[in-house]
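Participant: Sharing a structure, written as C-alpha coordinates. Questions coming.
The values are calculated or read from the model by the stated rules, or taken from the named source; none is laboratory data. Note that the structure is a prediction, hence the values are computed from the model and not measured. Here the Cβ is made from the backbone with ideal geometry for all residues, glycine too, and neighbour counts use every protein chain on show. These accessible areas exclude ligands, DNA and RNA; they are computed on the full protein's heavy atoms, side chains included. Shrake-Rupley method; radii C 1.70, N 1.55, O 1.52, S 1.80 Å.
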Amino acid sequence: MAKGSSGLGESLGKGSGGSVNIVSETDVWTYRHNSDNADFVDAINTSVSIMQNDYKDIMETVNQVFAAELGGADKVSTLGYWDPSSKTLALNQNYTDIDKMNQVYDAATKSGYHPSRGNKTGTEAVAFHEMGHALTDHIAKKMGVPDLDTASQKIVDAAYKAMKGTGGTKAWAGKISGYAQESYAECVAEAVADYYCNGEKASAQSKAIIKQLQKYQ
(Lines give C-alpha, C1' and ligand atoms only; values in the text may rest on other atoms or scores of the structure.)
Protein backbone atom coordinates (compact mmCIF):
# COMPACT_ATOMS: atom_id res chain seq x y z
CA MET A 1 0.00 0.00 0.00
CA ALA A 2 1.28 3.46 -0.85
CA LYS A 3 1.94 5.64 2.14
CA GLY A 4 -0.01 8.84 2.63
CA SER A 5 1.39 11.78 4.53
CA SER A 6 -0.26 10.53 7.69
CA GLY A 7 0.87 6.96 7.09
CA LEU A 8 -2.75 6.05 6.32
CA GLY A 9 -4.39 6.02 2.92
CA GLU A 10 -3.05 6.58 -0.55
CA SER A 11 -0.63 9.28 -1.58
CA LEU A 12 -0.82 11.33 -4.74
CA GLY A 13 1.15 10.45 -7.85
CA LYS A 14 4.42 12.28 -8.36
CA GLY A 15 4.48 13.16 -12.06
CA SER A 16 3.51 16.59 -13.38
CA GLY A 17 2.04 15.27 -16.62
CA GLY A 18 2.87 13.86 -20.02
CA SER A 19 3.75 15.40 -23.37
CA VAL A 20 1.37 17.56 -25.40
CA ASN A 21 0.97 17.40 -29.19
CA ILE A 22 1.95 20.97 -30.11
CA VAL A 23 1.48 22.02 -33.74
CA SER A 24 2.39 25.69 -33.27
CA GLU A 25 2.63 28.38 -30.61
CA THR A 26 1.79 32.06 -31.11
CA ASP A 27 2.69 34.78 -28.65
CA VAL A 28 -0.55 36.08 -27.12
CA TRP A 29 0.12 39.68 -28.18
CA THR A 30 0.59 38.59 -31.76
CA TYR A 31 -2.52 36.41 -31.51
CA ARG A 32 -4.48 39.42 -30.25
CA HIS A 33 -3.80 41.33 -33.48
CA ASN A 34 -6.91 39.55 -34.77
CA SER A 35 -9.73 41.38 -32.98
CA ASP A 36 -11.73 38.14 -32.81
CA ASN A 37 -9.12 36.83 -30.37
CA ALA A 38 -9.10 39.86 -28.06
CA ASP A 39 -11.43 38.50 -25.35
CA PHE A 40 -9.45 35.25 -25.16
CA VAL A 41 -6.10 36.98 -24.79
CA ASP A 42 -7.45 39.57 -22.38
CA ALA A 43 -8.84 36.83 -20.14
CA ILE A 44 -5.46 35.10 -20.07
CA ASN A 45 -3.68 38.34 -19.29
CA THR A 46 -6.15 39.17 -16.52
CA SER A 47 -5.29 35.94 -14.71
CA VAL A 48 -1.57 36.41 -15.27
CA SER A 49 -1.75 39.98 -13.93
CA ILE A 50 -3.68 38.94 -10.82
CA MET A 51 -1.11 36.26 -10.02
CA GLN A 52 1.74 38.67 -10.70
CA ASN A 53 0.20 41.18 -8.32
CA ASP A 54 0.20 38.60 -5.51
CA TYR A 55 3.58 37.06 -6.36
CA LYS A 56 5.68 40.00 -7.51
CA ASP A 57 8.58 38.10 -9.05
CA ILE A 58 6.69 35.18 -10.61
CA MET A 59 7.22 36.49 -14.14
CA GLU A 60 10.95 35.89 -13.70
CA THR A 61 10.02 32.24 -14.30
CA VAL A 62 7.59 32.72 -17.22
CA ASN A 63 9.42 33.22 -20.51
CA GLN A 64 6.43 33.19 -22.89
CA VAL A 65 2.62 33.10 -22.86
CA PHE A 66 1.18 31.45 -25.95
CA ALA A 67 -2.03 30.60 -27.76
CA ALA A 68 -1.20 27.10 -28.99
CA GLU A 69 -2.52 25.04 -31.85
CA LEU A 70 -2.67 21.44 -30.64
CA GLY A 71 -3.00 18.26 -32.66
CA GLY A 72 -4.53 14.84 -32.20
CA ALA A 73 -6.59 14.22 -29.07
CA ASP A 74 -4.99 17.23 -27.39
CA LYS A 75 -6.88 19.54 -29.74
CA VAL A 76 -10.05 18.91 -27.72
CA SER A 77 -8.86 17.33 -24.45
CA THR A 78 -6.05 19.68 -23.37
CA LEU A 79 -7.15 23.17 -22.32
CA GLY A 80 -3.70 24.49 -21.49
CA TYR A 81 -0.21 23.54 -20.40
CA TRP A 82 2.91 24.69 -18.60
CA ASP A 83 6.24 23.58 -20.06
CA PRO A 84 8.85 23.58 -17.26
CA SER A 85 11.73 23.06 -19.69
CA SER A 86 11.08 26.23 -21.72
CA LYS A 87 9.16 28.07 -18.97
CA THR A 88 6.20 28.69 -21.27
CA LEU A 89 2.51 28.83 -20.50
CA ALA A 90 -0.11 28.23 -23.18
CA LEU A 91 -3.85 27.91 -23.66
CA ASN A 92 -5.44 25.89 -26.45
CA GLN A 93 -6.51 28.22 -29.27
CA ASN A 94 -9.23 25.71 -30.20
CA TYR A 95 -11.08 27.31 -27.29
CA THR A 96 -10.47 30.93 -28.30
CA ASP A 97 -14.24 31.43 -28.22
CA ILE A 98 -14.98 32.32 -24.58
CA ASP A 99 -18.40 30.65 -24.60
CA LYS A 100 -16.91 27.45 -26.00
CA MET A 101 -14.29 27.33 -23.25
CA ASN A 102 -16.96 28.06 -20.63
CA GLN A 103 -19.07 25.15 -21.87
CA VAL A 104 -16.15 22.72 -21.79
CA TYR A 105 -14.96 23.90 -18.39
CA ASP A 106 -18.45 23.83 -16.90
CA ALA A 107 -18.98 20.28 -18.14
CA ALA A 108 -15.74 19.27 -16.42
CA THR A 109 -16.87 21.03 -13.24
CA LYS A 110 -20.22 19.24 -13.33
CA SER A 111 -18.43 15.89 -13.52
CA GLY A 112 -16.22 16.87 -10.57
CA TYR A 113 -13.05 16.99 -12.66
CA HIS A 114 -12.37 20.71 -12.11
CA PRO A 115 -13.42 23.12 -9.33
CA SER A 116 -16.03 25.77 -10.06
CA ARG A 117 -14.94 28.83 -12.02
CA GLY A 118 -17.10 31.05 -9.80
CA ASN A 119 -17.71 34.35 -11.57
CA LYS A 120 -14.62 33.96 -13.77
CA THR A 121 -14.53 32.69 -17.32
CA GLY A 122 -13.30 29.21 -18.14
CA THR A 123 -10.35 30.86 -19.88
CA GLU A 124 -9.38 32.68 -16.69
CA ALA A 125 -9.76 29.46 -14.68
CA VAL A 126 -7.46 27.53 -17.02
CA ALA A 127 -4.93 30.37 -17.00
CA PHE A 128 -4.97 30.39 -13.19
CA HIS A 129 -4.34 26.64 -13.22
CA GLU A 130 -1.35 26.95 -15.52
CA MET A 131 -0.03 29.92 -13.54
CA GLY A 132 -0.28 27.64 -10.51
CA HIS A 133 2.26 25.36 -12.19
CA ALA A 134 4.46 28.34 -13.05
CA LEU A 135 4.27 29.57 -9.45
CA THR A 136 5.23 26.14 -8.11
CA ASP A 137 8.16 26.06 -10.53
CA HIS A 138 9.18 29.47 -9.25
CA ILE A 139 8.84 28.40 -5.62
CA ALA A 140 10.95 25.30 -6.30
CA LYS A 141 13.92 27.61 -6.86
CA LYS A 142 13.25 29.42 -3.58
CA MET A 143 13.00 26.07 -1.80
CA GLY A 144 16.22 24.91 -3.38
CA VAL A 145 14.61 21.75 -4.77
CA PRO A 146 15.17 20.38 -8.28
CA ASP A 147 11.73 20.72 -9.86
CA LEU A 148 8.07 21.64 -9.49
CA ASP A 149 7.11 18.03 -8.70
CA THR A 150 9.31 18.03 -5.61
CA ALA A 151 8.07 21.48 -4.60
CA SER A 152 4.45 20.40 -5.17
CA GLN A 153 4.82 17.42 -2.88
CA LYS A 154 6.34 19.55 -0.13
CA ILE A 155 3.54 22.12 -0.47
CA VAL A 156 0.73 19.54 -0.43
CA ASP A 157 2.25 17.58 2.44
CA ALA A 158 2.63 20.77 4.49
CA ALA A 159 -0.97 21.83 3.79
CA TYR A 160 -2.24 18.33 4.60
CA LYS A 161 -0.32 18.31 7.88
CA ALA A 162 -1.53 21.82 8.80
CA MET A 163 -5.14 20.70 8.29
CA LYS A 164 -4.48 17.50 10.24
CA GLY A 165 -5.65 15.57 7.20
CA THR A 166 -6.61 11.92 7.38
CA GLY A 167 -7.05 9.20 4.78
CA GLY A 168 -4.02 10.15 2.68
CA THR A 169 -3.31 13.03 0.36
CA LYS A 170 -5.15 11.54 -2.60
CA ALA A 171 -8.53 11.47 -0.84
CA TRP A 172 -7.78 14.90 0.63
CA ALA A 173 -7.03 16.32 -2.83
CA GLY A 174 -10.36 14.96 -4.05
CA LYS A 175 -12.07 17.68 -2.02
CA ILE A 176 -10.58 20.14 -4.52
CA SER A 177 -11.33 18.22 -7.72
CA GLY A 178 -10.90 14.93 -9.50
CA TYR A 179 -7.96 16.29 -11.46
CA ALA A 180 -6.27 17.35 -8.23
CA GLN A 181 -5.97 13.66 -7.36
CA GLU A 182 -3.73 12.91 -10.33
CA SER A 183 -0.48 14.30 -8.89
CA TYR A 184 0.93 16.73 -6.36
CA ALA A 185 1.55 19.22 -9.16
CA GLU A 186 -2.04 19.08 -10.39
CA CYS A 187 -3.29 19.33 -6.82
CA VAL A 188 -1.46 22.63 -6.33
CA ALA A 189 -2.54 24.00 -9.72
CA GLU A 190 -6.18 23.07 -9.12
CA ALA A 191 -6.04 24.68 -5.68
CA VAL A 192 -4.75 27.90 -7.27
CA ALA A 193 -7.59 27.87 -9.83
CA ASP A 194 -10.14 27.14 -7.11
CA TYR A 195 -8.90 29.92 -4.85
CA TYR A 196 -8.58 32.61 -7.52
CA CYS A 197 -11.97 31.76 -9.02
CA ASN A 198 -13.90 31.25 -5.79
CA GLY A 199 -12.10 33.20 -3.06
CA GLU A 200 -13.49 32.40 0.37
CA LYS A 201 -15.86 29.89 -1.21
CA ALA A 202 -12.90 27.76 -2.32
CA SER A 203 -12.41 24.43 -0.59
CA ALA A 204 -10.62 24.34 2.74
CA GLN A 205 -7.97 22.19 1.08
CA SER A 206 -7.32 24.81 -1.60
CA LYS A 207 -7.06 27.55 0.99
CA ALA A 208 -4.61 25.45 3.01
CA ILE A 209 -2.41 25.08 -0.08
CA ILE A 210 -2.61 28.81 -0.80
CA LYS A 211 -1.39 29.50 2.75
CA GLN A 212 1.69 27.45 1.98
CA LEU A 213 2.24 29.28 -1.33
CA GLN A 214 1.86 32.66 0.36
CA LYS A 215 4.94 31.93 2.45
CA TYR A 216 6.91 32.56 -0.73
CA GLN A 217 5.29 35.87 -1.76
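Participant: For the range 178-207, how many residues meet the condition of being buried (at least 24 other Cβ atoms within 10 Å of the Cβ) and either aliphatic (A, V, I, L, M) or not in a helix (DSSP H, G or I) (or both)?
Facilitator: 7
Participant: Specify the residue that is least open to solvent (accessible area, probe 1.4 Å); the eligible residues are those in the range 55-77 that are among the aliphatic types (A, V, I, L, M) and without any contact (Cβ under 8 Å) to a residue 40 or more places away in the chain.
Facilitator: In this case the residue turns out to be 65.
Participant: Against the condition closer than 22 Å to residue 46 by Cβ, open to solvent by 10 Å² or more (accessible area, probe 1.4 Å) and in contact (Cβ under 8 Å) with a residue 12 or more places away in the chain, how does residue 165 come out, does it pass?
Facilitator: Numbers: closer than 22 Å to residue 46 by Cβ: no; open to solvent by 10 Å² or more (accessible area, probe 1.4 Å): yes; in contact (Cβ under 8 Å) with a residue 12 or more places away in the chain: yes.
Taking the combined requirement at face value, the residue does not satisfy it.
Participant: Among the listed residues 86, 152, identify the single one that is closer than 27 Å to residue 32 by Cα, open to solvent by less than 50 Å² (accessible area, probe 1.4 Å), among the polar types (S, T, N, Q) and out of contact with any strand residue (DSSP E or B) (no Cβ under 7 Å at 6 or more places or on another chain).
Facilitator: Criteria check complete, one pass: 86.
Participant: What are the pairs, 6+ residues apart or on separate chains, where a residue within the range 78-95 that is within 13 Å of residue 67 (Cβ to Cβ) and without any contact (Cβ under 8 Å) to a residue 40 or more places away in the chain has its Cβ under 6 Å from a residue that is open to solvent by 20 Å² or more (accessible area, probe 1.4 Å) and part of a strand (DSSP E or B)?
Facilitator: none
Participant: Next up: List every residue pair whose Cβ atoms lie under 7 Å apart, where the two residues are 6 or more positions apart in sequence or sit on different chains, the first residue falls within the range 124-139 and is at positive phi, and the second residue, located anywhere, is surrounded by 24 or more Cβ atoms within 10 Å (Cβ to Cβ).
Facilitator: none
Participant: Related question: Which of the numbered conditions does residue 72 fail, given that it passes all the others? Conditions: (1) under 17 Å from residue 127 (Cα atoms); (2) at pLDDT 95 or above; (3) not aromatic (Phe, Trp, Tyr).
Facilitator: (1)
Participant: When the residues of the range 106-132 are narrowed to those that are part of a helix (DSSP H, G or I) and over 15 Å from the mean Cα position of the chain (by Cα), which ends up surrounded by the fewest Cβ atoms within 10 Å (Cβ to Cβ)?
Facilitator: 110
Participant: Moving to a separate point now. Pairs under 7 Å by beta carbon, first residue among the hydroxyl-bearing types (Ser, Thr, Tyr) in the range 34-46, partner part of a helix (DSSP H, G or I), six or more apart or different chains?
Facilitator: Going by the 7 Å Cβ cut-off, the qualifying pairs are 46/124.
Participant: If I filter the range 25-46 down to residues being touching a Phe, Trp or Tyr at 6+ places or on another chain (Cβ under 9 Å) and under 15 Å from residue 81 (Cβ atoms), which single residue comes out as surrounded by the fewest Cβ atoms within 10 Å (Cβ to Cβ)?
Facilitator: 26
Participant: Picking from 116, 111, 86, 47, which residue would you name as being small (Gly, Ala, Ser), farther than 18 Å from residue 30 by Cβ and out of contact with any helix residue (DSSP H, G or I) (no Cβ under 9 Å at 6 or more places or on another chain)? I'd like the intermediate steps shown before the answer.
Facilitator: Details: 116 fails: out of contact with any helix residue (DSSP H, G or I) (no Cβ under 9 Å at 6 or more places or on another chain); 86 fails: farther than 18 Å from residue 30 by Cβ; 47 fails: out of contact with any helix residue (DSSP H, G or I) (no Cβ under 9 Å at 6 or more places or on another chain).
Just a single option satisfies the conditions, and that option is 111.
Participant: Sort out which residues of the range 133-160 are in a helix (DSSP H, G or I), more than 16 Å from residue 85 (Cα to Cα) and not β-branched (Val, Ile, Thr), and write them in order of number. Lay out the reasoning, then the answer.
Facilitator: At the first step, the residues of the range 133-160 found to be in a helix (DSSP H, G or I) are 133-143, 148-160.
Still in the list and also more than 16 Å from residue 85 (Cα to Cα): 142-143, 152-160.
142, 143, 152, 153, 154, 157, 158, 159, 160, listed by residue number.
Participant: Do we have residue 48 as part of a loop (DSSP other than H, G, I, E, B), on the phi < 0 side of the Ramachandran plot and not charged (D, E, K, R) here?
Facilitator: Numbers: part of a loop (DSSP other than H, G, I, E, B): no; on the phi < 0 side of the Ramachandran plot: yes; not charged (D, E, K, R): yes.
The answer is no for residue 48.
Participant: Considering every residue within the range 81-98, establish whether at least one is within 16 Å of the chain's Cα centre (by Cα) and part of a helix (DSSP H, G or I).
Facilitator: The answer is no, given that none of the residues of the range 81-98 is within 16 Å of the chain's Cα centre (by Cα) and part of a helix (DSSP H, G or I).
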